[in-house]
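Notes follow once the structure below has been shown.
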Amino acid sequence: MTISFEAKEEFFTFHDPMQEGKLIDRKTEVRFDPLTGETSRIIFDPGAPFSPPDYEALGKETEGAKCPFCPENVESFTPRFPEELVKGGRLIKNEAVAFPNLFPYSKHNAVVRMCDQHYVKLDEFTVPIISDAFSAAFAYLEKVAESDADTKYASINWNYLPPSGGSILHPHIHVLASEHPTNYQRIMESGDNRLAELLEEEQKRDERFIGKVGSISWVHAYAPKSHVDFIGVFDAASIKDLTEEAWKDLAESVTRFFKYYGEVGLASFNLGLFIPMTDGGNERVHVRMIPRMTTGMLETSDMNVFNYLHQEPLCLKVPEEVTKDVKAYFN
């Protein structure tokens, strides 16, 4: 079975008051994910610029004594792992500190406080800040793998800023592991996880292939889960194949995407890194990164009935055009 890229065009005809009542056809493109068959819709982009939120004032209001992740509080305000799992109760890599989530989402759930600085803007993130945090997260997953043989699915997740669902401004990531997959992990597994095949085909076509940083190859999703959707495929099938270099490669990649985000007015995002805990043939460690935003005077959420109840992502940007723009940061 070969990778295929299928799309259906739909046209809506109406008189446009913005063009003096001219009769026009406006296109919606329904794209089918080549891995899962799920659909996304490329919709008309009115051209309104994205407006990044400014959390400078909120950062000053919430830092220090009010924040459990600030340096003066992190040891006294955060829980500790059982001694038999993690000696000393926490995992530390320079400024990154990993500890249990007080309100877990999964059988195993760590939080990694990324750095001492409370509010970090996109252009202030450094490769060491990001790589140290993911290294600490990875160290936790290795402890889980040693102690719980039933754990088969793992992910490292980053909600940056409130539009993404981040409830604390201080940069942090979540580490989840369980024998029960999330819906996304289940769908990717049932689709034989053909990411390596997809990557090979995308490199041949060179329409959505962005570039490679160390051990990670990057493409833009054909059927995006948001207005922009970057997929990084690692040269690793499972947790056993990952090394410290992978986190430097990821950090270097992400900081390049941050430069693109800053250029187009995006600031918030969701990132999910999916790690098979056992060798599974065609499986690949991979990461997805999508922007999050609010729009207009009402600060309208970018998530609506289409995303949640129809489970149908909407995308304002044409993936092939975004790829051309973001490639400049990888060359």
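The values are calculated or read from the model by the stated rules, or taken from the named source; none is laboratory data. Because the structure is a prediction, the values reported are computed rather than measured. Here Cβ is always computed from backbone atoms with ideal geometry, including for glycine, and neighbour counts include all displayed protein chains.
Please tell me if G59 is touching a Cys at 6+ places or on another chain (Cβ under 6 Å) and in contact (Cβ under 8 Å) with a residue 12 or more places away in the chain. Even if it seems obvious, please write down each step before you answer.
Values: touching a Cys at 6+ places or on another chain (Cβ under 6 Å): no; in contact (Cβ under 8 Å) with a residue 12 or more places away in the chain: yes.
Spelling it out, it is not the case that G59 is touching a Cys at 6+ places or on another chain (Cβ under 6 Å) and in contact (Cβ under 8 Å) with a residue 12 or more places away in the chain.
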Test: residue in the range 135-145 that is part of a strand (DSSP E or B) and either of a type in the set (S, T, Y) or under 20 Å from the mean Cα position of the chain (by Cα) (or both): no
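Conditions (1) loosely packed, with under 10 Cβ neighbours inside 10 Å; (2) aromatic (F, W, Y); (3) assigned to a loop (DSSP other than H, G, I, E, B), marked per residue:
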site: F12; (1), (2), (3): no, yes, no
site: H15; (1), (2), (3): no, no, no
site: I24; (1), (2), (3): no, no, no
site: V30; (1), (2), (3): no, no, no
site: L35; (1), (2), (3): no, no, yes
Members of the range 73-109 that are out of contact with any Leu (no Cβ under 8 Å at 6 or more places or on another chain), surrounded by 14 or more Cβ atoms within 10 Å (Cβ to Cβ) and small (G, A, S): G89, A96
Condition check for D235: free of Cβ contacts under 8 Å to residues at least 40 places away in the same chain, crowded, with 20+ Cβ neighbours inside 10 Å and in contact with a Gly (Cβ under 9 Å, 6 or more places away or on another chain): no
Options R113, R90; residue that is free of Cβ contacts under 8 Å to residues at least 24 places away in the same chain, of a type outside the set (S, T, Y) and in contact with a strand residue (DSSP E or B) (Cβ under 7 Å, 6 or more places away or on another chain): R90
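Might you check whether a residue that is within 30 Å of D249 (Cβ to Cβ) and part of a strand (DSSP E or B) occurs anywhere in the range 309-326? Don't jump to the end; show me each part of the working.
Taking the range 309-326 and keeping what is within 30 Å of D249 (Cβ to Cβ), we get 313, 315-326.
Next, only the ones that are part of a strand (DSSP E or B) stay: 315.
So far as the range 309-326 goes, yes, one or more of its residues are within 30 Å of D249 (Cβ to Cβ) and part of a strand (DSSP E or B).
I want to confirm something. Restricting to the range 102-129 and keeping residues that are among the charged types (D, E, K, R) and under 18 Å from the mean Cα position of the chain (by Cα), which single residue is nearest to P181 (Cα to Cα)? Steps first, answer last, please.
Restricting attention to the range 102-129, the residues satisfying the condition of being among the charged types (D, E, K, R) are 107, 113, 116, 121, 123-124.
Add one more test, that the residue is under 18 Å from the mean Cα position of the chain (by Cα), and what stays is 113, 121, 123.
On the way: R113: 25, K121: 32, D123: 34 Å.
Filtering the range 102-129 for residues that are among the charged types (D, E, K, R) and under 18 Å from the mean Cα position of the chain (by Cα), the one nearest to P181 (Cα to Cα) comes out as R113.
Select, from S253, S301, S238, the only residue that is among the small types (G, A, S), over 20 Å from R186 (Cβ atoms) and modelled with pLDDT under 95.
S301
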